[in-house]
Every structure is written in C-alpha cells, then in structure tokens.
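What follows is a set of notes on a single structure, which appears directly below.
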Amino acid sequence: MNSLLANRKLFKEGQKILITTHYNPDADAIGSSLSLKNYFDKIGLKPQVWLPSSLPHHFSWMKGAQEVLDFEKAADRQIMQDSIGDFDWIFCLDFSGIGRIHGLSNLIKNTSTPKVIIDHHLDPENFADYYLHDTKAASTCELIFRLMQDWGDKSLIDSELGACMYAGIMADTGSFRHPNTTSEVHKIVAELIDLGVNTNRVHRKIFDSSSIDRLRFLGHLLSKRLEYLSEYHLALMWLTEEDQKQFHSQAGDTEGFVNYGLQVEGAIWAILLIERNDGVKLSFRSIEPFAVNQFAAQYFEGGGHKNASGGRIPKSNMEDAKKILMDVLPLQLDQINQVKNL
Ligand code: 5GP
Ligand code: MN
C-alpha cells in the first residue's frame, strides 16, 4: 500500500481531480468529499465531486454542494460518461469496496487513471494506487483533517471547509457518543471551533431539518414497524415500499432511523430492513462488544464497521427478506448469549 501522506508532490497545479463517494451518501461521505474539494480548490487543483446517487437535501448548505453531479440523473450521467477520461486522479472517499458506488463502479473501475482511497472501513479492496486508510479513525473527515495537517495546509481550513469536516465527524461518532469518539476526535473539533466553525449551526442543519412527512414517517416506524425479539435481544424494524410512498420518503430520510432500536432496554442490536425496487437493504447497529459486520458479510453481501454495518438481499420483497433473516437469527444465539450480560 502506498501512503498518500508521503506523496504530496504527485499532485500538480491545474490537475483535474475526480472525487467520488458511496451510494446513499451520509454526512461523512458528503462532508469529506466537499472538504477535500474545497481544499483542492484552494491549492490550485481542479476538483469535481461525482455521486452515485442524489445529494440528500440536508447537506445542500455545504460549500460546493450545488456543483456535484448525480449518476442517477440522466443529464449528469451523460456528462460523466463523456468526461471520465479527462481526470488526472480519482479520489474514492468513505468507501473501499468498489461495489459501494453502484452504477459508477464500472466507469471508475475501467479507467487507468490513478486512484486514491481515503477511508476508515474495514477490509479495503485492492483497487487503488495510494491509500490513506485507518480503521481507527472515526470518520473519513478526520482523515481529511490529517491530510491537510500532514501536508502543511491546516491553515487553509476556514469556517466553511471546517463545517463540512465537522458534519462528518459529528455524524460518524453519533454526535460524540459512539465508542469511536477518541480524544483525537475532540481535539480536532476543538481546533475547528477555534477556526470559526459554527458547530451548533451544522447540527441544526443536519438534524433539525426534517420535513413533517419525515417525522410522521418515523412515528409510523416506531408505532407500527418495530418489534422487540427478546430471545435475540434484537430490535427489528422494517419499511415497505408502500410505507415509503405513503410518507413521501426522500433520499436520506431513513438515515438514523435504525439507531432508535438500540434505545429499547435490553437490545444488543437493531436491524432495519428497507424494501427497494431491486431488493431489500439492511442496516445493522449494535452495542459493544457485539459485532454485526461479520453477520452482514456472511449472509447479506455487506459489511462495514463493528457496530454499524449494512447489507442487502437482492431481488427480494419484504416478506421473503424477513423469512431469510429469521432463518439465520438462531445461528447468532451463541454470540448473543456471550455478550448479553456484559
Ligand atoms: P447504513 O446502515 O448507514 O447504510 O450503513 C452503515 C455502515 O455500514 C456504513 O457506514 C458502511 O460502512 C456499512 N455498509 C453499508 N452497506 C454496506 C455494504 O453493502 N457493504 C459494506 N461492506 N458495508 C456497508
Ligand atoms: Mn464514514
């Protein structure tokens, strides 16, 4: 693995840089992509951000958000297909499995343009030339901070760039409560505050920006689509296509929903199944020391972090997906029983 940090000289003024991140981007995905874009703008590079799916509206305030391209929009897709060969570098942020960029993966995989991965997920795939990869980092935004620091450019962090960074750090630490919240995280945030980042504004923009529909959708989930399976210490939640239609669900609306399951007393883990037109997506969350990433990888073509993972059951509807899940739950009983009294 070539380290990105030692190779600043590779990036020459005027070079075109493509920055991309994962499907259904969260605050860390968008925050890290736009922090890096804003940084590269400042040092004379020419960055563009391409997303495999749409930008959730609660990130539209971030500097540079209006210029991103979305592969799911036909006009943007055409531009992407026509210009994929124009870049000097491709930066892949907040993912390290090429499948996580869905429709964009073929375009990116098939270019010989040198690639850089900046990420904190486990088990990175070997498709890049340079890496800034650290599974101990709580967020990819933290790694962007480290990059700017190591390249001697920390002074270029202004309040707008810092706000993008703060968004990712705040979200991926669950607002500073997950076990990944190290003293390093707090030190970086302290610096961002000193640089003028309005952390309260960022929090409000991301968490206090729900439509009435979304809040009612959450109410529906909690009142009608949540079951506690005490034998498995599992809070199980699901949303059908019908539910999503009823509440006019938009991209990003279900972000954070799965975490509510962990508020059930006794729950060690929570699963949220979401029906999509191409199958069912699963989100897994757990409390220490119970790991969900192996479970996601073994049965649901997924993976992720120890306590926050995702996966999918392709070409399935909700009814079948629930059956598949119920079939594999008993296989977890040993592990559940080992940790339930800790
Ligand atoms: P979410 O439930 O928010 O979609 O995903 C939680 C975490 O699980 C993400 O931060 C990501 O690390 C991981 N994740 C989600 N979907 C997948 C997947 O399909 N494959 C892998 N390897 N990780 C995933
Ligand atoms: Mn992340």
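Any idea how many residues of the stretch 106-135 are away from ligand 1 (no atom under 12 Å from the Cβ) and either in a loop (DSSP other than H, G, I, E, B) or without any contact (Cβ under 8 Å) to a residue 24 or more places away in the chain (or both)?
12
Which of the residues spanning the stretch 103-134 are within 14 Å of the chain's Cα centre (by Cα) and not acidic (Asp, Glu)?
Selection gives ILE118, HIS120, HIS121, LEU122.
Show the residue pairs meeting these rules: Cβ distance below 6 Å; 6+ apart or different chains; first residue within the stretch 71-98 and touching a residue at least 40 places away in the same chain (Cβ under 8 Å); second residue within 16 Å of ligand 2 (Cβ to nearest atom) and in a helix (DSSP H, G or I).
LEU93/SER32; LEU93/SER33; LEU93/THR140; ASP94/ASP28; ASP94/ALA29; ASP94/SER32; ASP94/THR140
With the condition kept exactly as written, say whether any residue in the stretch 220-234 is modelled with pLDDT under 95 and closer than 30 Å to ALA137 by Cβ.
no
Scan the stretch 176-183 and tell me whether some residue there is polar (S, T, N, Q) and touching a strand residue (DSSP E or B) at 6+ places or on another chain (Cβ under 6 Å).
no
Checking HIS57 against (1) more than 16 Å from ligand 1 (Cβ to nearest atom); (2) at pLDDT 95 or above; (3) over 18 Å from LYS37 (Cα atoms); (4) not aliphatic (A, V, I, L, M): exactly one of these is not met. Which one?
It fails just one condition, (2).
Within the stretch 20-40, take every residue that is in contact with a helix residue (DSSP H, G or I) (Cβ under 9 Å, 6 or more places away or on another chain) and over 16 Å from ALA167 (Cβ atoms) and give me the one that is modelled with the highest pLDDT.
Step one: filter the stretch 20-40 for residues in contact with a helix residue (DSSP H, G or I) (Cβ under 9 Å, 6 or more places away or on another chain), giving 20-23, 25-39.
If we keep only those that are over 16 Å from ALA167 (Cβ atoms) too, we end up with 20, 23.
On the way: THR20: 98, TYR23: 94.
Only one residue tops the list, namely THR20.
Just to check your reading of the model, which residue among ILE144, ILE108, ILE157 is within 15 Å of ligand 2 (Cβ to nearest atom) and assigned by TED's automatic domain parsing to the domain that holds ASN198? Spell out the reasoning first.
Working: ILE108 fails: within 15 Å of ligand 2 (Cβ to nearest atom); ILE157 fails: within 15 Å of ligand 2 (Cβ to nearest atom).
Among ILE144, ILE108, ILE157, only ILE144 is within 15 Å of ligand 2 (Cβ to nearest atom) and assigned by TED's automatic domain parsing to the domain that holds ASN198.
How about the stretch 11-35: which of its residues are more than 16 Å from ligand 1 (Cβ to nearest atom) and closer than 17 Å to ASP129 by Cβ?
Once the filter is applied, which keeps residues that are more than 16 Å from ligand 1 (Cβ to nearest atom) and closer than 17 Å to ASP129 by Cβ, the stretch 11-35 yields PHE11, LYS12, GLN15, LYS16, ILE17, LEU18, ILE19.
Among the residues of the stretch 136-155, are any exposed (fewer than 14 other Cβ atoms within 10 Å of the Cβ), within 16 Å of ligand 1 (Cβ to nearest atom) and on the phi < 0 side of the Ramachandran plot?
Yes, the stretch 136-155 contains at least one residue that is exposed (fewer than 14 other Cβ atoms within 10 Å of the Cβ), within 16 Å of ligand 1 (Cβ to nearest atom) and on the phi < 0 side of the Ramachandran plot.
I'm trying to understand the selection: among the residues of the stretch 315-325, which are surrounded by fewer than 15 Cβ atoms within 10 Å (Cβ to Cβ) and either charged (D, E, K, R) or under 20 Å from the mean Cα position of the chain (by Cα) (or both)?
Within the stretch 315-325, LYS315, GLU319, ASP320, LYS323 meet the criteria.
What residue, among those in the stretch 62-94 that are part of a loop (DSSP other than H, G, I, E, B) and surrounded by fewer than 17 Cβ atoms within 10 Å (Cβ to Cβ), is nearest to the chain's Cα centre (by Cα)?
Looking at the filtered set, the residue picked out is GLU72.
The values are calculated or read from the model by the stated rules, or taken from the named source; none is laboratory data. All values derive from a computational prediction rather than experimental measurement. For neighbour counting, all protein chains shown are included, and Cβ atoms are generated from backbone atoms with ideal geometry for every residue, glycine included.
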